[in-house]
Amino acid sequence: GHLAATWTGRCDKVVFTTPKSDNKEDDHFFDQILADDRYHVVVVNGSSSRKDLWLRLKDGFIKSWDLLKDTFDFVIKCDDDTYVIVENLKERLKSLDPSEKSILGHVLYDQDTKFMSGGSGMVMSRAGFQAIVEEGFLGKDKPCDLPIKNYKQLKMQIDDDLQVGACATLLDFKFYTSENNGQITFFPFKLESHLISGMVVSWWRDNRIECRNLEVSECPSSYPIAFHYVTPVEMYRLEYLLYTARIIQS
């Protein structure tokens, strides 16, 4: 319930996707949040194991689009250990067109594929989300079914962010980085690894697409949007520091 108690409360609509469960605690939680009409729960195919990651994402996208249709401009797909500063995200999206097929996030490149880091969130326009579902998953040729056409190296790759990146490329999406004045606003790894040079993830440091011209410790923007690998306790800590704590002006 930490997501419902923290940042998702500032979203216009929220869809939780979950595999079928017999856990009565889960049922109680969903009953509680569904009292608020901004929240929706979608039960998706597949188990909770990593091997069904793509199956859950695909089914979640299809059912979420069927549920929401044209009632939104942009949607962010993220994990349950993601924390989003919704106000900063909305400000970033003001310059983008929801009728343009686009995807926004922290751009990475691996296995000859450009994609958005899934952990810190992938933001899709309404047109983009519709295209992935209606063209990529349900269209005549289903180009985003595995193995994705022209991406044979991804045949056995279950990472959903790579697959979405390949799909977005095939469907001619516009890719927008998370950069603001050359600094990153979506943090794909733990925050301290972006702040402290000695803790940086070496793969990201050596292969980064964003913030290539600055030292790692200079990359975090003063207007962050999304953090990854945030524990439930850290979410409440961020809530306090961002929305309650104040600095006395001398």
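F61 - would you say it is over 30 Å from S222 (Cα atoms), in contact (Cβ under 8 Å) with a residue 12 or more places away in the chain, open to solvent by less than 80 Å² (accessible area, probe 1.4 Å) and aromatic (F, W, Y)?
Numbers: over 30 Å from S222 (Cα atoms): yes; in contact (Cβ under 8 Å) with a residue 12 or more places away in the chain: yes; open to solvent by less than 80 Å² (accessible area, probe 1.4 Å): yes; aromatic (F, W, Y): yes.
When the stated conditions are applied, F61 passes them.
Taking the stretch 89-126 as the search range and keeping residues that are among the β-branched types (V, I, T) and surrounded by fewer than 23 Cβ atoms within 10 Å (Cβ to Cβ), which one is nearest to R208 (Cα to Cα)? Break it down into steps so the answer makes sense when it comes.
The first filter runs over the stretch 89-126 and keeps only residues among the β-branched types (V, I, T), leaving 103, 107, 113, 123.
Narrowing further to those that are surrounded by fewer than 23 Cβ atoms within 10 Å (Cβ to Cβ): 107, 113.
Working: V107: 8, T113: 13 Å.
That would be V107.
Please enumerate the residues belonging to the stretch 92-125 that are free of Cβ contacts under 8 Å to residues at least 24 places away in the same chain and not hydroxyl-bearing (S, T, Y).
Within the stretch 92-125, the first condition is being free of Cβ contacts under 8 Å to residues at least 24 places away in the same chain, and the residues that meet it are 94-95.
Correct list: K94 only.
If you scan the stretch 192-240, which residues turn out to be hydroxyl-bearing (S, T, Y) and open to solvent by less than 50 Å² (accessible area, probe 1.4 Å)? I'd like the intermediate steps shown before the answer.
Of all residues in the stretch 192-240, those hydroxyl-bearing (S, T, Y) come to 193, 197, 202, 217, 221-223, 229, 231, 236, 240.
Passing the criteria: S193, S221.
In the stretch 78-122, what residues are modelled with pLDDT under 95 and out of contact with any strand residue (DSSP E or B) (no Cβ under 8 Å at 6 or more places or on another chain)?
Within the stretch 78-122, D79, D80, D110, Q111, D112, T113, G119 qualify.
Test of understanding: among L171, L146, L162, which residue is of a type outside the set (D, E, K, R), open to solvent by 30 Å² or more (accessible area, probe 1.4 Å) and at negative phi?
After applying the criteria, what remains is L146.
The values are calculated or read from the model by the stated rules, or taken from the named source; none is laboratory data. The structure presented is a predicted model; accordingly, all values stated were derived computationally and were not measured. Positions of Cβ are generated from backbone atoms using ideal geometry, with glycine treated the same way; all protein chains shown enter the neighbour counts. Areas reflect the complete protein model, heavy atoms only, side chains present, ligands, DNA and RNA absent. Shrake-Rupley method; radii C 1.70, N 1.55, O 1.52, S 1.80 Å.
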